[in-house]
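Trainee: Below are the structure tokens for one structure; questions will follow.
The values are calculated or read from the model by the stated rules, or taken from the named source; none is laboratory data. Quick caveat: nothing in here was measured; it's all calculated off a predicted structure. Ideal geometry is used to build each Cβ from the backbone, glycine not excepted, and the neighbour counts take in all protein chains shown.
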Amino acid sequence: MYAFKKALAAAYESSSNPDELNMAINLYKELQKQKPSDATNFLGLARCYRNMGRYAEAMKQYDLLRQRLPEKSTAWWRVQVERLQLAMKMFGDNPDGLKNILLQIRVLHHNYQDPKMGGFWQLFNAIENEARKRLQNTNKNKKETSSNIQYKEKSYVEVYRETHPCICGNCGIY
């Protein structure tokens with residue numbers, strides 16, 4: 001019966017129908033209770049939550065998986081990728097979130113010294129490139145829309161000179 005329920009939950013997992021996704025969630029929760037050591041149930045539950053737009057609940061499942069899986073295993077790397085993909089959805093154009101994603105990728109590179117990143121290096125590179133692109137666009141938009149940011153980037157003397165012209169208007173002495 002376990003195998004049947006697991007297959008049924010997996011079939012509903014990628015559905016866009018909320019009723020089917022809820023059915024998969026309930027099945028995965030039941031399966032987790034029956035076999036708490038089976039990581040695929042946590043992964044399936046995370047994917048269901050992600051597909052329903054319940055990102056915080058999905059992230060919780062991915063974090064549980066990261067702790068349960070053996071480091072550097074294929075499944076562990078897969079969870080890292082899916083977790084970062086979810087973070088990209090969650091943070092959108094939030095500069096702090098994007099910087100955090102880039103930092104997490106850098107930490108994975110540094111700590112695990114695996115240039116292929118478990119065989120998922122192309123996916124990590126795609127996430128990294130997209131995060132950098134969004135961050136650049138966010139920074140560009142901020143500079144275009146807010147003159148206050150431009151003033152913060154200039155020295156106080158430069159701001160003062162721009163906002164307080166000299167007395168005669170010609171000499172530049174303030």
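Trainee: Going by the conditions given, is TYR2 assigned by TED's automatic domain parsing to the domain that holds ASN51, surrounded by 16 or more Cβ atoms within 10 Å (Cβ to Cβ) and of a type in the set (Ser, Thr, Tyr)?
Mentor: In short, no.
Trainee: Test GLY118 against the criterion of being at positive phi and either under 14 Å from the mean Cα position of the chain (by Cα) or modelled with pLDDT under 95 (or both), and give yes or no. Full working, then the answer.
Mentor: Working: at positive phi: yes; either under 14 Å from the mean Cα position of the chain (by Cα) or modelled with pLDDT under 95 (or both): yes.
Spelling it out, GLY118 is indeed at positive phi and either under 14 Å from the mean Cα position of the chain (by Cα) or modelled with pLDDT under 95 (or both).
Trainee: Can you find even one residue in the stretch 44-58 that is within 26 Å of ASN22 (Cβ to Cβ), in contact with a Cys (Cβ under 9 Å, 6 or more places away or on another chain) and of a type outside the set (Asp, Glu)?
Mentor: yes
Trainee: Still on this structure, I have one more. Mind checking which residues of the stretch 1-14 are part of a helix (DSSP H, G or I) and either touching a residue at least 40 places away in the same chain (Cβ under 8 Å) or farther than 21 Å from LEU69 by Cβ (or both)?
Mentor: Keep residues of the stretch 1-14 that are part of a helix (DSSP H, G or I), which gives 2-13.
Result: ALA3, PHE4, LYS5, ALA7, LEU8, ALA11, TYR12.
Trainee: Which numbered condition in (1) over 30 Å from TYR28 (Cα atoms); (2) touching a Ser or Thr at 6+ places or on another chain (Cβ under 8 Å) is the only one that ARG132 fails?
Mentor: Result: ARG132 fails condition (2) only.
Trainee: Looking only at helices (runs of 4 or more DSSP H) that lie completely in the stretch 15-109, which have at least 1 residues being buried (at least 18 other Cβ atoms within 10 Å of the Cβ), in contact with a Gly (Cβ under 9 Å, 6 or more places away or on another chain) and small (Gly, Ala, Ser)?
Mentor: Once the helices (runs of 4 or more DSSP H) in the stretch 15-109 are filtered for at least 1 residues that are buried (at least 18 other Cβ atoms within 10 Å of the Cβ), in contact with a Gly (Cβ under 9 Å, 6 or more places away or on another chain) and small (Gly, Ala, Ser), what remains is 18-34, 74-91.
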